[in-house]
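One structure is given here, and the rest of the page talks about it.
The values are calculated or read from the model by the stated rules, or taken from the named source; none is laboratory data. These figures come from a predicted structure and were not determined experimentally. Every residue, glycine among them, receives a Cβ derived from its backbone with ideal geometry; neighbour counts consider all protein chains shown.
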């Protein structure tokens with residue numbers, strides 16, 4: 001009986017070949033589950049924030065392929081218009097639009113919503129995808145720590161202001177793109193704005209924990225309205241925000257992270273799959289307040305279940321953003 005060594009001469013089994021094969025297998029393993037159900041989204045109106053590159057762009061591309069009307073809510077006009085052009089060329093769907101939205105400015109959020117409501121009287125899916133990660137502390141236009149301000153506060157106000165359209169269009173869905181980093185997060189009730197102490201990675205984790213807490217609290221408040229709210233972890237994806245996450249770590253962690261980054265990250269298309277699953281899967285009709293990863297339900301981190309802190313975060317978010325008390 002021929003052995004493996006007989007089929008594969010030993011001179012071909014070199015270290016480069018072995019390492020390459022291992023890398024190939026690892027890369028295949030880390031790619032997330034795929035949302036393969038075919039759905040027709042014709043007539044659906046969708047907003048995707050931060051969608052001119054990476055996961056957001058891949059999300060819009062697939063929504064466009066399925067016939068949806070999509071609003072790319074982004075800050076950078078030139079990048080978004082280029083991405084929009086590419087998406088229309090690839091899908092033939094002309095119902096893809098760019099509308100300026102800077103989540104670091106509450107004024108911009110309000111202007112975006114006002115303009116959107118002048119154009120549309122329906123909204124079926126809101127995907128809060130945009131996010132930032134910073135090594136050094138920065139402030140939004142309104143004085144919020146930048147990561148908390150963009151990743152949570154901006155999306156909080158955006159969502160609250162769009163609830164009337166989402167309710168009118170029910171059944172509808174809100175998708176909050178969070179991160180596994182939420183499991184390491186802590187809502188600093190005595191220093192929410194990171195004024196006393198700032199560490200980039202911890203501030204990012206706090207903002208991602210805020211995404212999950214917001215999801216769970218909003219789901220309870222919207223019970224019976226036909227509007228579902230779910231959060232997700234897209235996986236470790238080879239995008240700019242992932243690269244910035246590495247830069248926000250300590251020197252020692254950064255060294256190893258750079259070596260492993262390309263090996264253990266997935267591409268943006270794979271990273272968009274759980275978002276598409278949460279937004280489109282018919283089996284999730286009526287499912288709300290959940291957290292998904294790899295196109296499957298997952299348990300949230302323990303901190304996300306703290307009802308007292310969740311109430312604190314909700315009240316502070318209402319106060320900071322000046323959001324109307326619509327629920």
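List of remarks:
- Pick from the range 141-156, criterion touching a helix residue (DSSP H, G or I) at 6+ places or on another chain (Cβ under 8 Å) and surrounded by fewer than 20 Cβ atoms within 10 Å (Cβ to Cβ), ranking: farthest from residue 315 (Cα to Cα): 141
- Residue in the range 134-144 that is closer than 21 Å to residue 217 by Cα and either in a helix (DSSP H, G or I) or in contact with a strand residue (DSSP E or B) (Cβ under 9 Å, 6 or more places away or on another chain) (or both) present: no
- Boolean, residue 147 is more than 16 Å from residue 49 (Cα to Cα) and modelled with pLDDT of 95 or more: no
- Restricting the range 82-103 to residues that are touching a strand residue (DSSP E or B) at 6+ places or on another chain (Cβ under 6 Å) and over 23 Å from residue 157 (Cα atoms), the residue that is surrounded by the most Cβ atoms within 10 Å (Cβ to Cβ) is 87.
- Residue in the range 91-106 that is assigned to a helix (DSSP H, G or I) and in contact (Cβ under 8 Å) with a residue 60 or more places away in the chain present: yes
- Residue 234 passes every criterion in (1) modelled with pLDDT of 95 or more; (2) buried (at least 24 other Cβ atoms within 10 Å of the Cβ) apart from (1).
- For residue 259: the one exception among (1) modelled with pLDDT under 95; (2) surrounded by fewer than 14 Cβ atoms within 10 Å (Cβ to Cβ); (3) under 25 Å from residue 206 (Cβ atoms): (3)
- Any chance residue 131 is within 20 Å of the chain's Cα centre (by Cα), farther than 22 Å from residue 42 by Cα, buried (at least 24 other Cβ atoms within 10 Å of the Cβ) and touching a residue at least 24 places away in the same chain (Cβ under 8 Å): yes
- The residues in the range 162-192 that are touching a residue at least 24 places away in the same chain (Cβ under 8 Å), crowded, with 16+ Cβ neighbours inside 10 Å and in a loop (DSSP other than H, G, I, E, B) can be counted, and the count is 6.
- Restricting 102, 142 to residues that are more than 19 Å from the chain's Cα centre (by Cα), under 30 Å from residue 189 (Cβ atoms) and at pLDDT 95 or above narrows the list to 142.
- Any hit, the range 237-252, residues being under 13 Å from the mean Cα position of the chain (by Cα), over 22 Å from residue 139 (Cα atoms) and modelled with pLDDT under 90: yes
- If you check 209, 123, 218 for being part of a loop (DSSP other than H, G, I, E, B), touching a helix residue (DSSP H, G or I) at 6+ places or on another chain (Cβ under 8 Å) and buried (at least 20 other Cβ atoms within 10 Å of the Cβ), only one passes: 123.
- Some residue of the range 45-61 being over 20 Å from residue 293 (Cα atoms), in a helix (DSSP H, G or I) and in contact with a helix residue (DSSP H, G or I) (Cβ under 6 Å, 6 or more places away or on another chain): yes
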